[in-house]
1. List the number of the failed condition for Glu246; all other conditions in (1) part of a loop (DSSP other than H, G, I, E, B); (2) open to solvent by 10 Å² or more (accessible area, probe 1.4 Å) hold.
2. Hey, among Ile156, Ile195, which residue is under 25 Å from the mean Cα position of the chain (by Cα), under 18 Å from Met79 (Cβ atoms) and in a helix (DSSP H, G or I)?
3. Quick check on region 228-242. Is at least one of its residues part of a strand (DSSP E or B) and either open to solvent by less than 70 Å² (accessible area, probe 1.4 Å) or of a type outside the set (S, T, N, Q) (or both)?
4. Hey, any hits in region 251-258 for a residue that's in contact (Cβ under 8 Å) with a residue 12 or more places away in the chain, of a type outside the set (Asp, Glu) and either over 24 Å from Phe9 (Cα atoms) or open to solvent by 60 Å² or more (accessible area, probe 1.4 Å) (or both)?
5. Residue under question is Val125, and the condition is that it be in contact with a Pro (Cβ under 6 Å, 6 or more places away or on another chain), open to solvent by less than 10 Å² (accessible area, probe 1.4 Å) and closer than 26 Å to Lys190 by Cα; does it hold?
6. Quick one: Lys190 ticks every box in (1) among the basic types (Lys, Arg); (2) open to solvent by 60 Å² or more (accessible area, probe 1.4 Å); (3) in contact with a helix residue (DSSP H, G or I) (Cβ under 7 Å, 6 or more places away or on another chain); (4) within 23 Å of Leu259 (Cβ to Cβ) except a single one, so which number is it?
7. Scan region 15-58 for residues that are touching an Asp or Glu at 6+ places or on another chain (Cβ under 9 Å) and closer than 15 Å to Thr232 by Cα and jot them down.
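The values are calculated or read from the model by the stated rules, or taken from the named source; none is laboratory data. As the structure is a computational prediction, the values presented were derived from the model and not from experiment. Note: ideal-geometry Cβ built from the backbone for every residue, glycine included; neighbour counts use all protein chains shown. Side chains included, ligands, DNA and RNA excluded: accessible areas come from the protein's heavy atoms. Shrake-Rupley method; radii C 1.70, N 1.55, O 1.52, S 1.80 Å.
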Amino acid sequence: MTHALATQFDRALCDLDGVAFHGTKSINSAITGIRRARELGLEFHFVTNNASRDQLQVADKLTSLHIPTAPHEVTTAAMAIVELMKKDVAPGQRVYMVGGDGLRSALLDAGYTLTTSAESNPVAVVQGMDARVGWKQLSEAAYAIRQGATYYASNIDSTLPTERGLALGNGAMVAAVVAATGVEPITAGKPAPTIFTQAVGDARRPVVIGDRLNTDIAGGVAADIPTIHVLTGISQAHDVVRARPEERPDYLLVNLNELAQPYAAPTTLSMQALSAALGHDFTHGTVLSAATCADDIAIVSDQGLYYQPGSPAGGGLSQVTDDTRLPVTAYRAVVTAMWQAGPQAAQTCPTFTVVAP
């Protein structure tokens, strides 16, 4: 018996760009998927590493893209880093900020005094994403850090998705300050677990939804929260196949529409079970691993990756190539088999395409 993932969890800690939208453009499957999942009782709380916007601005953007959202349903990396700062930096103390409105609002709401110069001896430097940041602000941050200010950064994503591709992220600008000072910042954004543990709230069965393995999924794993990966953003199927254990998602979807659909989970197959499922012995080399999902079968051998569809109408056993289009159930079986076969086998996996159900 399979159940929709939307009924198995009570709060989805959902990433924004690449999951809920693309820059300023809607993702249609996200609009319908989130609506249907909410109808099944799944609450959405949006978690973003972008510290340039505050809660209201993020909520307004989502709402304008047909995903109705209230400010309290948003946690930003700016909010997360300020909460983390409170443990060591008392409100009221001077802080030098490099960042935008979201970080400014979070710091002022927490009671910190913002300064515009390292000459005022701030006790901390806090850096978040802002496209207006330049040499002057970064240099002032470096002066303050060299004078002894504790260095904080909302997040260290090296890239920022835009409509034109990947632009410089906060991590790229943080790297400039690190290079100038030799000091690594304290961070709270993904993949650190802090932002997720803050966003969980009173949820008893949370789940992380994201598109990036090295931030969304790694952060969920670090926070010990189940994770769902979607293929609408940065990390694609071949990235999932090659993922390190600390970046491996628990559930695999093409897009958010599948949240409201029954979820078929993959399982590994022994040699005996594989022969029974195929109806004959496998003859294309030595089997390294095998898995099945909804009767679709994936086999990793020393001669390559093979797939047999669960439906007779799909044909017989065939080798997977870069041109192969696989249903999502076969994709789950492939990933399970590849993870079992090991990293060397995963490196030779073809860059197949996954088709949404």
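1. It fails just one condition, (1).
2. Ile195
3. Yes, that holds for at least one residue.
4. The answer is no; no qualifying residue exists.
5. no
6. Just one mismatch for Lys190, condition (2).
7. Once the filter is applied, which keeps residues that are touching an Asp or Glu at 6+ places or on another chain (Cβ under 9 Å) and closer than 15 Å to Thr232 by Cα, region 15-58 yields Asp15, Asp17, Gly18, Val19, His22, Gly23, Thr24, Lys25, Ser29, Gly33.
One line per residue, one yes/no per condition, for (1) out of contact with any Leu (no Cβ under 8 Å at 6 or more places or on another chain); (2) modelled with pLDDT under 95:
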residue	(1), (2)
Pro266	yes, no
Gly279	yes, yes
Phe282	no, yes
Cys293	yes, no
Ser301	no, no
Gln319	no, no
Thr353	no, no
Ala356	yes, yes
